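Here the structure comes first, spelled out in structure tokens, and everything after it is commentary.
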Amino acid sequence: MRIVDLTPAPVVPRDGWDRPLVIPKQGGKPVPLTRTTTFIDCIEDKSALGDWHKRMTLVGAAKRPSMLDVVKQLNPDDQGDKRKLNTLADQAIDIAGANTKREKGTYLHTLSEYVDRGEPLPAGTAALDLRDMTAYMGATVDFEVKAVERFVVVPELGTGGTFDRLLEYAGPDPEGKHVEGRFIGDLKTGSVRYGALKMASQLAVYSRGEFYDYTRFPVDPADRKAFAAWKKREVPAEEAAQAYTSLPGDVSQKWGIIINLPAGSGDCTLHWVDLEIGWAAAKLAREIRVMRSVKGAMRPWVSGLTDPKVAQLRPAC
């Protein structure tokens, strides 16, 4: 009999804003890091995404017209009603099926891990998914997978995130030069027509990170009392440093690899992304985030009538 371990895999503890909580390398209490994808989000042109959300909201409302009866009763200028409207908009997007692709993408990520481990796919895997995985195997045949879903931190940026793959590859780069080493890889199950700069930046940040073993400091976030105590715990520097490991020295900081497998397409393509361009964008994102916290960009108007010195110069009426 094969014993299946149903114990949930440990996950990175997170705060109420979904930021990973990490023990600093120098020791101390857990500190929140900005998610890598959130950190670089400010460099992305979101106009296409915003338009897509608006379209999906309309489609969802059309599929369930009763939602509009609730909308009519809400005041868009009232703070409480704003939250209700936001919730309704999210529900409409879900009804339109917008989240189905995301869930499908997560499932394909799981199946790809079976492939990379050399294990058979779960019984009952749908024919379309089998076709996608066949395409995935064909496209990635030149890679040797060295790591899957590893969490890394970049103290320089104050970020933390999980990359999909660490791939070993030998062959031509996009310039036709022979390269050998390890490359950060990312599996995308949607369109990669837009967002190349963000993808390059995301992988560039990962390539400059350090592995962080959060399992050294286990906690159950669902246990509120234990979680509160864990967040107050002071970890000695020597113990904290043991959770950090440098990436292998041959991890490229020049090139990263995007594996594009649109769900249900049966087509998998590979793309190089320039990590030097991506890293420049990440540093620009850091400057933008710093500027957002700068105060004093707008100040109250000062009228000359209220200035005593100016008032003395005005003739009496």
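The values are calculated or read from the model by the stated rules, or taken from the named source; none is laboratory data. Keep in mind it's a predicted model, so treat the numbers as computed, not measured. Because the Cβ atoms are built from the backbone with ideal geometry, glycine has one as well, and the counts that use them run over all protein chains shown. Side chains are part of the model used for accessible areas, which takes the heavy atoms of the whole protein and leaves out ligands, DNA and RNA. Shrake-Rupley method; radii C 1.70, N 1.55, O 1.52, S 1.80 Å.
Condition test on G161, is it under 17 Å from the mean Cα position of the chain (by Cα) and either surrounded by fewer than 14 Cβ atoms within 10 Å (Cβ to Cβ) or not polar (S, T, N, Q) (or both)? For G161, the condition - under 17 Å from the mean Cα position of the chain (by Cα) and either surrounded by fewer than 14 Cβ atoms within 10 Å (Cβ to Cβ) or not polar (S, T, N, Q) (or both) - is met. The single condition among (1) under 25 Å from the mean Cα position of the chain (by Cα); (2) in a helix (DSSP H, G or I) that G138 does not satisfy is (1). Applying the criterion of being open to solvent by less than 20 Å² (accessible area, probe 1.4 Å) and part of a helix (DSSP H, G or I) to the residues of the range 5-44, the residue that is farthest from E234 (Cα to Cα) is I40. Is at least one residue of the range 213-224 open to solvent by 40 Å² or more (accessible area, probe 1.4 Å) and closer than 27 Å to E44 by Cβ? So far as the range 213-224 goes, no, none of its residues is open to solvent by 40 Å² or more (accessible area, probe 1.4 Å) and closer than 27 Å to E44 by Cβ.
Only one of the numbered conditions (1) closer than 30 Å to E156 by Cα; (2) surrounded by 12 or more Cβ atoms within 10 Å (Cβ to Cβ) is violated by S47, and that is (2).
Residues in the range 100-132 that are within 28 Å of V12 (Cα to Cα), in a helix (DSSP H, G or I) and open to solvent by less than 70 Å² (accessible area, probe 1.4 Å): 11 in all. Within the range 71-83, how many residues are outside any loop (DSSP other than H, G, I, E, B) and open to solvent by less than 70 Å² (accessible area, probe 1.4 Å)? Of the residues in the range 71-83, 3 are outside any loop (DSSP other than H, G, I, E, B) and open to solvent by less than 70 Å² (accessible area, probe 1.4 Å). One residue stands out among those in the range 179-224 that are touching a strand residue (DSSP E or B) at 6+ places or on another chain (Cβ under 6 Å) and either of a type in the set (D, E) or free of Cβ contacts under 8 Å to residues at least 24 places away in the same chain (or both): the one that is nearest to D267 (Cα to Cα), which is D186.
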